[in-house]
Amino acid sequence: MSNSETKPTTSTSVSGNENSNGTGGPLITPDSRVLHIGDSHTCGIYGKAMDDLMRSTGAAITTVGVSGSSPSWYLNETVGKSGYFAKDEQGRIDQPADWRTPRSTPNLNKLIKDFKPGIIVFSLGANMIGASPEAIRSQVKSVCDIAKKAGCQIVWVGPPNGRADKKPTEKQTRLYDNLKAEAEKYGSFIDSRPYTHYPDNGGDGIHFRGNEGGRIARDWAGKIFERMQKP
């Protein structure tokens with residue numbers, strides 16, 4: 001088994017799988033309002049598949065992905081220059097024709113104020129793989145504190161695997177240990193690694209593209225959605 005094929009135990013806390021009425025049913029129902037924010041994976045096949053799956057419940061969904069982003073970008077309105085995708089409650093898509101078009105990251109406080117979500121799904125963390133444990137935990141805390149203050153349920157989706165030369169196991173494990181430890185203080189945490197073995201050949205070692213990569217990304221989204229909906 002290669003470094004990128006490590007299959008740790010998946011974790012989701014019970015609180016993250018209770019609906020707003022506390023019945024223990026599906027997290028997302030037709031009455032839900034869900035904000036999903038993330039990085040390049042949310043701009044790509046995974047994020048668009050997740051958006052489709054969540055909308056299939058009849059819930060109101062807003063998705064925002066900014067390539068290269070970390071949690072702090074959604075506080076500092078950092079300008080991204082490598083990809084942007086957004087789809088609002090009405091299903092209107094905002095995606096520049098040129099992925100290199102600079103675009104400020106939306107502010108989390110404003111997204112919450114404007115959309116009023118009851119659930120926030122964070123698909124973030126991949127771009128902190130080189131950060132210190134303190135920095136990882138601090139960034140998770142900063143956005144989760146805002147979500148909690150707004151009364152939102154929180155689901156944190158951990159980043160996918162990549163090839164070992166791009167995402168060494170030691171760094172990926174350290175990232176996960178700190179993401180999970182902090183995120184679980186606020187809600188549920190779902191480990192993406194069991195669903196995202198990166199192909200041995202092709203691609204850039206990080207993003208899921210092409211026929212095989214696309215299949216993996218769609219399956220990843222399906223597994224995450226299933227975990228959220230089935231306590």
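Each reported figure results from applying straightforward, stated rules to the coordinates on display, with no laboratory input. All figures in this text were calculated on a predicted structure; none of them were measured in a lab. Methodologically, a virtual Cβ is constructed for each residue, glycine included, from the backbone with ideal geometry; neighbour enumeration extends over all protein chains shown.
If you put +1 on each Lys and Arg Cβ and -1 on each Asp and Glu Cβ, how big is the dipole of the range 145-231 around its Cα centre, in Debye rounded to 20?
Dipole about the Cα centre, nearest 20: 180 debye.
Skipping prolines and chain starts, which residues have an amide H placed within reach, meaning under 5 Å, of the one on His36, given they are 5 or more residues away or on another chain?
Amide H to amide H, under 5 Å and 5 or more residues apart or across chains, His36 pairs with Thr62, Thr63, Val64, Val121.
Which trypsin sites (Lys or Arg not before Pro) in the range 89-152 sit in a loop by DSSP (not H, G, I, E or B) and have at most 16 other Cβ atoms within 10 Å of their own Cβ?
Arg92, Arg100
Karplus couplings for the range 174-179 from phi (6.51 cos²θ - 1.76 cosθ + 1.60, θ = phi - 60°), rounded to Hz, Gly and Pro as x?
Going residue by residue, I get 4, 4, 5, 4, 7, 4 Hz, with x marking Gly and Pro.
Output wanted: per-residue J couplings in Hz (rounded whole) for the range 186-199, from phi through Karplus 6.51 cos²θ - 1.76 cosθ + 1.60, θ = phi - 60°, x for Gly and Pro.
10, x, 9, 10, 10, 7, 8, 4, x, 9, 9, 5, 7, x
What are the ³J(HN,Hα) couplings of the range 134-147, residue after residue, when phi is run through the Karplus curve with 6.51, -1.76, 1.60 and θ = phi - 60°? Round to Hz, x for glycine and proline.
5, 5, 4, 5, 5, 5, 4, 4, 4, 7, 5, 4, 5, 4
Arranged by the count of other C-beta atoms within 10 angstrom, fewest first, what order do Met128, Met54 take? Don't jump to the answer; show the numbers that get you there.
On the way: Met128 21, Met54 25.
Ascending number of Cβ neighbours within 10 Å: Met128, Met54.
Computed from the mean reciprocal separation of all distinct C-alpha pairs, what Kirkwood hydrodynamic radius does the range 130-231 have, in Å? Present the calculation step by step, with values, prior to reporting the outcome.
On the way: mean 1/r = 0.0678 Å⁻¹.
With all distinct Cα pairs of the range 130-231 included, I get 14.7 Å.
Taking the Cα centre of each part, how many Å lie between the range 135-169 and the range 174-231?
For the range 135-169 versus the range 174-231, the Cα centre distance is 12 Å.
Just list whichever of Lys141/Lys171; Lys48/Lys113; Lys87/Lys180; Lys81/Lys230; Lys110/Lys223; Lys116/Lys167 have alpha carbons separated by over 32 Å in the model shown.
Distance filter (> 32 Å) returns Lys81/Lys230; Lys116/Lys167.
Rounded to the nearest 5, what % of DSSP beta bridges with both residues in the chain are antiparallel?
On the way: 8 of 26 bridges.
Approximately 30 percent, going by the DSSP bridge assignments.
Specify, per residue and in Å³, the volume enclosed by the convex hull of the alpha carbon atoms belonging to the range 30-229.
110 Å³
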